[in-house]
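Worksheet: one structure, shown below.
The values are calculated or read from the model by the stated rules, or taken from the named source; none is laboratory data. In this text the structure is predicted, and so the values were computed from the model without any measurement. With ideal geometry, Cβ positions are generated from the backbone for all residues, glycine too; neighbour counts draw on all protein chains shown.
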């Protein structure tokens, strides 16, 4: 009986050894498989990262021809495009299932102020992420302190500042409020928006080339704007287009007077009549203030009335 028990014990021991060996082999196989899977996944992630890129629907430059690559020309500078692309790359991930990264990217781009809305941040084949949104279009700069701040057509702050007169854009002078706290916010006070409305009204005409900017220092108190010309002369315009000031002619009449001066050789083809100050707010016609003339200089002869615009007179003070 003892020998039978010894045999059974040996078989049991052998079975245990085989079981342990199988478990070890399975464990080794699993570890090897995990390493292989990890290496493969790493290679997949690496290939995805290498192929990962961002494509923006850049805002087109009106009237410009497409570039050599067939893409439309844009008013955004190379640096601004590179900065937006880098921001998107930092916010995104190569994981095609990472939907939170898409939302995070849209929020980051919206915070730059360049977009009024982000329409879509979508993954496309071959690791491409396409971004589309509604761009805010630059219109002018507002001078505040020692910087010129870029603003959109609606007076919203954009994330660019310049040294004075370095932007080559029309300038809005003397706003009643400081710049907004963050890009995308509108400039408060209404005076910046009034100046933008006047610039947009004059822009399609031949007068626009002699306009340096708009001074809004009197807008909040009197609702009157002053055009600053490229010779630093002043054209007292008055209420912006779309607003009414009692006793003033309409914007269409003022523009006709200004275009008359622009075309007249008697006034140097100047919208400011080649004088320091002229006034378009009197319904009787263009008024030239003698007090602004150099000492000893005679006032110019009054110009004839512009077509359908009434008479023009010289005003004494």
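The table for this structure:
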{"quantity": "Residue match in the stretch 190-201 (condition: in contact (Cβ under 8 Å) with a residue 12 or more places away in the chain, assigned to a loop (DSSP other than H, G, I, E, B), outside the structural domain of residue 117 (by TED's automatic domain parsing) and under 30 Å from residue 111 (Cα atoms))", "calculated": "yes"}
{"quantity": "Given (1) surrounded by 14 or more Cβ atoms within 10 Å (Cβ to Cβ); (2) at pLDDT 95 or above; (3) under 30 Å from residue 191 (Cβ atoms), index of the condition residue 75 fails", "calculated": "(2)"}
{"quantity": "The listed residue being within 17 Å of residue 278 (Cβ to Cβ) and at pLDDT 95 or above, out of 169, 236, 199", "calculated": "236"}
{"quantity": "Of residues in the stretch 208-218 being in contact (Cβ under 8 Å) with a residue 40 or more places away in the chain and over 23 Å from residue 245 (Cα atoms), the one surrounded by the fewest Cβ atoms within 10 Å (Cβ to Cβ)", "calculated": "212"}
{"quantity": "Among (1) in contact with a strand residue (DSSP E or B) (Cβ under 9 Å, 6 or more places away or on another chain); (2) part of a helix (DSSP H, G or I), the one test that residue 121 misses", "calculated": "(2)"}
{"quantity": "Lone qualifier among 185, 191, 230 - being modelled with pLDDT of 95 or more and surrounded by 19 or more Cβ atoms within 10 Å (Cβ to Cβ)", "calculated": "191"}
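Results for (1) in a strand (DSSP E or B); (2) without any contact (Cβ under 8 Å) to a residue 40 or more places away in the chain; (3) touching a helix residue (DSSP H, G or I) at 6+ places or on another chain (Cβ under 9 Å); (4) not assigned by TED's automatic domain parsing to the domain that holds residue 170, shown as yes or no for each residue.
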site: 220; (1), (2), (3), (4): no, no, yes, no
site: 241; (1), (2), (3), (4): no, no, yes, no
site: 245; (1), (2), (3), (4): no, yes, yes, no
site: 256; (1), (2), (3), (4): no, no, no, no
site: 266; (1), (2), (3), (4): no, yes, no, no
site: 281; (1), (2), (3), (4): no, no, yes, no
site: 284; (1), (2), (3), (4): no, yes, no, no
